[in-house]
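Below is one structure; the comments refer to it alone.
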Amino acid sequence: AVHHRMKELERKIKELGPVNPNALEEYEEQQKRHDFMEGQAKDLIEAKENLEHIIADMDEAMIKQFKEAFAQIQVYFADIFVRLFGGGKAELKLLDEHDVLNTGVDILVTLPQKKRQNLSALSGGERALTVIALLFSFLRYRPSPFSVLDEIDAPLDEANVVRFGSFLREFAENTQFIVVTHRKGTMKSVDTMYGVTIEDEGVSKILSVKLDDIE
(Lines give C-alpha, C1' and ligand atoms only; values in the text may rest on other atoms or scores of the structure.)
Protein backbone atom coordinates (compact mmCIF):
# COMPACT_ATOMS: atom_id res chain seq x y z
CA ALA A 1 0.00 0.00 0.00
CA VAL A 2 2.88 2.31 0.89
CA HIS A 3 4.65 1.45 -2.35
CA HIS A 4 1.49 2.12 -4.32
CA ARG A 5 1.06 5.44 -2.56
CA MET A 6 4.66 6.46 -3.40
CA LYS A 7 4.12 5.57 -7.04
CA GLU A 8 0.98 7.69 -7.08
CA LEU A 9 2.78 10.67 -5.55
CA GLU A 10 5.67 10.33 -8.00
CA ARG A 11 3.23 10.32 -10.88
CA LYS A 12 1.53 13.48 -9.59
CA ILE A 13 4.91 15.20 -9.07
CA LYS A 14 5.88 14.41 -12.65
CA GLU A 15 2.57 15.81 -13.86
CA LEU A 16 3.37 19.09 -12.07
CA GLY A 17 6.38 19.52 -14.32
CA PRO A 18 9.57 21.41 -13.44
CA VAL A 19 9.51 22.94 -9.96
CA ASN A 20 10.15 26.69 -9.66
CA PRO A 21 12.16 27.22 -6.49
CA ASN A 22 11.26 30.93 -6.54
CA ALA A 23 7.54 30.31 -6.79
CA LEU A 24 6.86 31.29 -3.19
CA GLU A 25 8.73 34.58 -3.49
CA GLU A 26 7.07 35.34 -6.82
CA TYR A 27 3.67 34.54 -5.33
CA GLU A 28 4.28 36.93 -2.43
CA GLU A 29 5.40 39.64 -4.86
CA GLN A 30 2.36 39.15 -7.08
CA GLN A 31 0.11 39.08 -4.01
CA LYS A 32 1.50 42.45 -2.88
CA ARG A 33 0.93 43.87 -6.37
CA HIS A 34 -2.59 42.42 -6.41
CA ASP A 35 -3.37 43.96 -3.01
CA PHE A 36 -1.99 47.33 -4.18
CA MET A 37 -4.02 47.31 -7.39
CA GLU A 38 -7.11 46.21 -5.49
CA GLY A 39 -6.66 49.16 -3.13
CA GLN A 40 -6.23 51.51 -6.09
CA ALA A 41 -9.37 50.15 -7.73
CA LYS A 42 -11.30 50.62 -4.49
CA ASP A 43 -10.11 54.23 -4.24
CA LEU A 44 -11.14 54.87 -7.84
CA ILE A 45 -14.58 53.39 -7.28
CA GLU A 46 -15.06 55.58 -4.19
CA ALA A 47 -13.83 58.64 -6.11
CA LYS A 48 -16.25 57.85 -8.94
CA GLU A 49 -19.14 57.57 -6.51
CA ASN A 50 -18.15 60.88 -4.87
CA LEU A 51 -17.99 62.60 -8.25
CA GLU A 52 -21.39 61.24 -9.18
CA HIS A 53 -22.82 62.65 -5.94
CA ILE A 54 -21.15 66.01 -6.60
CA ILE A 55 -22.46 66.11 -10.19
CA ALA A 56 -25.95 65.24 -8.98
CA ASP A 57 -25.80 68.05 -6.40
CA MET A 58 -24.51 70.49 -9.03
CA ASP A 59 -27.24 69.49 -11.48
CA GLU A 60 -29.86 70.03 -8.81
CA ALA A 61 -28.44 73.47 -7.94
CA MET A 62 -28.15 74.48 -11.62
CA ILE A 63 -31.71 73.37 -12.36
CA LYS A 64 -32.98 75.46 -9.45
CA GLN A 65 -30.93 78.52 -10.50
CA PHE A 66 -31.91 78.14 -14.14
CA LYS A 67 -35.61 77.90 -13.35
CA GLU A 68 -35.43 80.98 -11.15
CA ALA A 69 -33.50 82.95 -13.78
CA PHE A 70 -35.73 81.75 -16.61
CA ALA A 71 -38.90 82.76 -14.76
CA GLN A 72 -37.55 86.25 -14.05
CA ILE A 73 -36.23 86.76 -17.58
CA GLN A 74 -39.65 85.74 -18.92
CA VAL A 75 -41.21 88.60 -16.94
CA TYR A 76 -38.60 91.11 -18.14
CA PHE A 77 -38.85 89.91 -21.74
CA ALA A 78 -42.64 90.27 -21.81
CA ASP A 79 -42.40 93.81 -20.41
CA ILE A 80 -39.58 95.03 -22.65
CA PHE A 81 -41.10 93.48 -25.77
CA VAL A 82 -44.33 95.44 -25.23
CA ARG A 83 -42.39 98.65 -24.69
CA LEU A 84 -40.25 98.18 -27.80
CA PHE A 85 -43.13 97.17 -30.07
CA GLY A 86 -45.72 99.46 -28.52
CA GLY A 87 -47.94 96.49 -27.65
CA GLY A 88 -48.28 92.78 -28.33
CA LYS A 89 -47.11 89.90 -26.18
CA ALA A 90 -44.00 87.74 -25.86
CA GLU A 91 -43.12 84.59 -23.98
CA LEU A 92 -40.31 82.10 -23.58
CA LYS A 93 -41.12 78.39 -23.47
CA LEU A 94 -38.96 75.39 -22.60
CA LEU A 95 -39.25 72.64 -25.20
CA ASP A 96 -38.90 69.98 -22.49
CA GLU A 97 -39.62 71.11 -18.94
CA HIS A 98 -38.48 67.73 -17.59
CA ASP A 99 -34.94 68.11 -18.99
CA VAL A 100 -34.12 71.70 -18.15
CA LEU A 101 -30.34 71.46 -18.60
CA ASN A 102 -30.51 70.03 -22.12
CA THR A 103 -33.72 71.35 -23.60
CA GLY A 104 -34.10 74.18 -26.09
CA VAL A 105 -36.07 77.40 -25.69
CA ASP A 106 -38.84 78.56 -27.99
CA ILE A 107 -39.64 82.26 -28.45
CA LEU A 108 -43.30 82.98 -29.10
CA VAL A 109 -44.46 86.51 -29.86
CA THR A 110 -47.68 88.26 -30.73
CA LEU A 111 -47.13 91.51 -32.57
CA PRO A 112 -49.67 94.29 -32.14
CA GLN A 113 -52.86 93.37 -34.02
CA LYS A 114 -51.39 90.07 -35.26
CA LYS A 115 -51.60 86.41 -34.24
CA ARG A 116 -49.00 84.59 -32.17
CA GLN A 117 -45.96 83.49 -34.16
CA ASN A 118 -42.65 81.74 -33.76
CA LEU A 119 -39.51 83.88 -34.01
CA SER A 120 -38.60 82.32 -37.36
CA ALA A 121 -41.86 83.58 -38.91
CA LEU A 122 -41.09 87.26 -38.25
CA SER A 123 -39.57 89.73 -40.68
CA GLY A 124 -35.93 90.69 -40.34
CA GLY A 125 -36.66 93.92 -38.48
CA GLU A 126 -39.24 92.28 -36.20
CA ARG A 127 -36.86 89.45 -35.43
CA ALA A 128 -34.03 91.87 -34.66
CA LEU A 129 -36.20 93.92 -32.30
CA THR A 130 -37.36 90.75 -30.54
CA VAL A 131 -33.76 89.65 -30.03
CA ILE A 132 -32.93 93.13 -28.73
CA ALA A 133 -35.78 92.79 -26.23
CA LEU A 134 -34.35 89.45 -25.11
CA LEU A 135 -30.86 90.94 -24.82
CA PHE A 136 -32.11 93.77 -22.62
CA SER A 137 -34.01 91.18 -20.55
CA PHE A 138 -30.70 89.45 -19.82
CA LEU A 139 -29.08 92.76 -18.96
CA ARG A 140 -31.91 93.67 -16.62
CA TYR A 141 -31.65 90.32 -14.85
CA ARG A 142 -27.85 90.39 -14.63
CA PRO A 143 -26.44 93.82 -15.52
CA SER A 144 -23.12 93.67 -17.31
CA PRO A 145 -20.60 96.46 -16.72
CA PHE A 146 -19.65 96.52 -20.40
CA SER A 147 -21.37 95.56 -23.66
CA VAL A 148 -20.50 95.89 -27.36
CA LEU A 149 -23.35 96.05 -29.92
CA ASP A 150 -22.32 95.76 -33.56
CA GLU A 151 -24.95 97.02 -36.05
CA ILE A 152 -27.69 95.50 -33.91
CA ASP A 153 -30.08 98.24 -35.04
CA ALA A 154 -29.41 97.84 -38.79
CA PRO A 155 -32.68 96.00 -39.67
CA LEU A 156 -34.93 98.34 -37.63
CA ASP A 157 -37.24 100.96 -39.11
CA GLU A 158 -36.93 104.55 -37.88
CA ALA A 159 -39.68 104.31 -35.25
CA ASN A 160 -38.09 101.26 -33.69
CA VAL A 161 -34.64 102.84 -33.84
CA VAL A 162 -35.97 105.68 -31.66
CA ARG A 163 -37.33 103.16 -29.12
CA PHE A 164 -34.05 101.29 -29.23
CA GLY A 165 -32.16 104.51 -28.53
CA SER A 166 -34.30 105.32 -25.51
CA PHE A 167 -33.65 101.85 -24.10
CA LEU A 168 -29.93 102.34 -24.56
CA ARG A 169 -30.01 105.48 -22.44
CA GLU A 170 -32.09 103.75 -19.78
CA PHE A 171 -29.80 100.73 -19.53
CA ALA A 172 -26.66 102.87 -19.76
CA GLU A 173 -27.16 103.68 -16.08
CA ASN A 174 -25.85 100.19 -15.23
CA THR A 175 -23.99 99.13 -18.38
CA GLN A 176 -21.45 100.95 -20.54
CA PHE A 177 -22.32 100.42 -24.20
CA ILE A 178 -20.12 100.68 -27.26
CA VAL A 179 -22.42 100.69 -30.28
CA VAL A 180 -21.27 100.31 -33.86
CA THR A 181 -24.03 101.94 -35.91
CA HIS A 182 -24.94 103.99 -38.96
CA ARG A 183 -28.40 104.92 -37.69
CA LYS A 184 -28.97 108.55 -36.75
CA GLY A 185 -31.66 107.64 -34.22
CA THR A 186 -29.17 105.54 -32.29
CA MET A 187 -26.47 108.19 -32.54
CA LYS A 188 -28.80 110.75 -30.94
CA SER A 189 -29.06 108.61 -27.79
CA VAL A 190 -25.33 108.31 -27.06
CA ASP A 191 -23.08 110.50 -24.94
CA THR A 192 -20.02 110.38 -27.19
CA MET A 193 -19.60 109.57 -30.88
CA TYR A 194 -16.41 108.27 -32.46
CA GLY A 195 -15.89 108.36 -36.19
CA VAL A 196 -13.08 107.18 -38.46
CA THR A 197 -12.00 109.32 -41.40
CA ILE A 198 -9.33 108.79 -44.03
CA GLU A 199 -7.74 112.14 -44.92
CA ASP A 200 -4.81 110.53 -46.72
CA GLU A 201 -4.89 107.21 -48.52
CA GLY A 202 -4.15 104.37 -46.10
CA VAL A 203 -4.10 106.67 -43.06
CA SER A 204 -7.13 106.66 -40.76
CA LYS A 205 -7.98 109.22 -38.09
CA ILE A 206 -10.39 108.91 -35.18
CA LEU A 207 -12.66 111.84 -34.32
CA SER A 208 -14.75 112.09 -31.17
CA VAL A 209 -17.67 114.32 -30.29
CA LYS A 210 -19.28 114.62 -26.86
CA LEU A 211 -22.94 115.30 -27.49
CA ASP A 212 -23.56 116.49 -23.93
CA ASP A 213 -21.03 119.29 -24.45
CA ILE A 214 -22.76 120.33 -27.67
CA GLU A 215 -26.10 120.49 -25.92
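The values are calculated or read from the model by the stated rules, or taken from the named source; none is laboratory data. Computed from a predicted structure; not experimentally measured. For neighbour counting, all protein chains shown are included, and Cβ atoms are generated from backbone atoms with ideal geometry for every residue, glycine included. Ligands, DNA and RNA are excluded from the accessible area calculation, which covers all protein heavy atoms including side chains. Shrake-Rupley method; radii C 1.70, N 1.55, O 1.52, S 1.80 Å.
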Exercise. Enter the accessible area per residue of the chain (Å², integer; probe 1.4 Å; all protein chains in place).
Key: 73 Å²
Self-check item: Tail beyond 22 Å, pair distance distribution of segment 64-180 (Cα, percent)
Solution: 35 percent
Quiz item: When the chain is fully extended, how far beyond the present Cα-Cα distance does ARG5 get from SER166, taking 0.36 nm per residue of separation?
Solution: 47.1 nm
Exercise. Report, in cubic angstrom per residue, the convex hull volume of the C-alpha atoms of segment 131-171.
Key: 65 Å³
Exercise. Convert 10 °C to kelvin, take the viscosity as 1.306 mPa s, use the Kirkwood radius over C-alpha pairs of the chain as Rh, and evaluate the Stokes-Einstein diffusion coefficient in µm²/s, rounded to a whole number.
Key: 66 µm²/s
Quiz item: Between HIS182 and LEU94, how many nm apart are label points set 7 Å from Cα along the C-beta direction?
Solution: 4.3 nm
Quiz item: Are any of the pairs LYS64/LYS89; LYS114/LYS184; LYS93/LYS115 more than 20 Å apart by Cα-Cα distance, and if so, which?
Solution: LYS64/LYS89; LYS114/LYS184
Quiz item: Can you give the extra length, in nm with one decimal, that the chain gains between MET58 and MET193 once fully stretched, where that is 0.36 nm per residue apart less the Cα-Cα distance?
Solution: 44.1 nm
Quiz item: Within the chain, what percent of beta bridges assigned by DSSP are antiparallel, to the nearest 5?
Solution: 75 percent
Practice problem: Using only Cα atoms, find the angle between the long axis of helix 124-141 and the longest principal axis of the chain, and express it within 0 to 90 degrees, rounded to the nearest 10. | Solution: 70 degrees
Self-check item: Three-way shape label, segment 142-215, alpha-carbon gyration tensor, a/c 1.5
Solution: prolate
Practice problem: Report, to the nearest 10°, how far helix 23-85 tilts away from the longest principal axis of the Cα atoms in the chain, using its own Cα long axis and a range of 0 to 90°. | Solution: 20 degrees
Practice problem: Rounded to whole Å and ordered largest first, report the semi-axes of the equivalent ellipsoid of segment 91-135 derived from its Cα gyration tensor (root of 5λ). | Solution: 22, 12, 8
Practice problem: Give the share of C-alpha pairs in each 5 angstrom bin for segment 1-101, from 0 to the last occupied bin, in whole percents, shortest bins first. | Solution: 2, 9, 8, 8, 7, 7, 6, 5, 5, 5, 5, 4, 4, 4, 4, 4, 3, 3, 2, 2, 1, 1, 0
Quiz item: Which percent of the accessible heavy-atom area of segment 145-215 goes to carbon and sulfur, probe 1.4 angstrom?
Solution: 53 percent
